[in-house]
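Engineer: Dropping the structure in here first, questions after.
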Amino acid sequence: MDYTAVEQELRRELARTAPGTPAMTRAVEILKARVPDYTWVGIYQLFGNELVLGPFLGKPSPHTHIPVGRGICGAAAADKETIVVDDVNEDSRYLACSIETRSEIVVPIMRGCDVLGEIDIDSDRRAAFGEDDRRMLEALASVLSEKWTAA
Ligand code: SME
């Protein structure tokens, strides 16, 4: 996996994509197409105290609305920090989306101290997310923050 190439593609594509939903949709498409381990890729937007699912690729999730503080997604929004879970079956916070999911990464999209939303990725492989994934996705979160529009 050439993470640098994927990050460059994300930067290049998002630079010429309209802000808001088109930018989020394009980012999800690129990640899903380029990284075989990314089984489910989605972006949540924070409205008030609730994360609402926006563009995603993968099986439909029952968790389209997640209060801050609930699940791994809600924990990342509350902590304002990336969370990596190597084995979701060993994390009591986990809200199940698919029986096959083994690991998850959630990266908040921040503007200053405010959470705008987050990138959420599931993998069917245990411990699929390492430092390279975190670095690339945190860089993407910062690009998406620039492309964010008020809903
Ligand atoms: N697993 C997440 C819920 C969202 S689904 O993975 C799409 C969580 O625990 O917050």
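The values are calculated or read from the model by the stated rules, or taken from the named source; none is laboratory data. These numbers were taken from a predicted model, which means no experiment stands behind them. Positions of Cβ are backbone-derived with ideal geometry, glycine not excepted, and every protein chain shown enters the neighbour counts. With ligands, DNA and RNA removed, areas are computed over all heavy atoms of the protein, side chains included. Shrake-Rupley method; radii C 1.70, N 1.55, O 1.52, S 1.80 Å.
Engineer: Among 54, 17, 76, whose Cα lies farthest out toward the positive end of the dipole of the chain, if unit charges sit on the beta carbon of Lys, Arg (+1) and Asp, Glu (-1)?
Structural biologist: The residue sitting farthest along the positive end of the dipole is 17.
Engineer: How far apart, in nanometres, would the label points at residue 29 and residue 9 be if each is projected 7 angstrom from Cα along the Cα-to-Cβ direction?
Structural biologist: Rounded to a tenth, the inter-label distance reads 1.2 nm.
Engineer: Mind checking the full-extension length gain between residue 37 and residue 142? Use 0.36 nm per residue of separation minus the Cα-Cα distance, one decimal, nm.
Structural biologist: Working: separation 105, 0.36 × 105 = 37.80 nm, distance 2.22 nm.
That works out to 35.6 nm of additional length.
Engineer: On to the next question. What is the calculated FRET efficiency for residue 18 to residue 125, with r their C-beta to C-beta distance and R₀ = 35 Å, to the nearest 0.05?
Structural biologist: Values: r = 34 Å, r/R0 = 0.96.
Between residue 18 and residue 125 the formula returns 0.55.
Engineer: Another question about this same structure. Please work out the Cα center distance from segment 1-73 to segment 98-151, rounded to the nearest Å.
Structural biologist: The distance from the Cα centre of segment 1-73 to that of segment 98-151 comes to 7 Å.
Engineer: Moving to a separate point now. Please report, for the Cα atoms of the chain, the Rg to one decimal and the Dmax as a whole number; what are they, in angstrom?
Structural biologist: For the chain, the Cα radius of gyration and maximum Cα-Cα distance read 13.9, 41 Å.
Engineer: How much area per residue is accessible in segment 52-103 when the probe is 1.4 Å and only protein heavy atoms are counted (Å²)?
Structural biologist: On the way: 2690 Å² over 52 residues.
Result: 52 Å² per residue.
Engineer: Which one of 31, 95, 140 has the biggest mean-square fluctuation once the chain is modelled by GNM with Cα springs under 10 Å?
Structural biologist: 95
Engineer: Between residue 149 and residue 80, what FRET efficiency follows from the Cβ-Cβ distance if R0 is 30 Å, with the result rounded to 0.05? Can you show the working numbers first?
Structural biologist: Values: r = 21 Å, r/R0 = 0.70.
E(calc), rounded to 0.05, equals 0.90.
Engineer: Also, I was wondering about something else. Filter the trypsin sites (Lys or Arg not before Pro) in segment 1-105 to those in DSSP coil with at most 16 other Cβ atoms within 10 Å of their Cβ, and list the result. Walk me through the intermediate numbers first.
Structural biologist: Values: sites: 11, 12, 16, 26, 32, 34, 70, 80, 93, 102; in loops: 16, 70, 80, 93, 102.
Answer in residue order: 16, 80, 93.
Engineer: A follow-up question, please. Taking only Cα atoms and a 10 Å spring cutoff, compute GNM fluctuations for the chain and point out the largest among 117, 58, 74.
Structural biologist: 58
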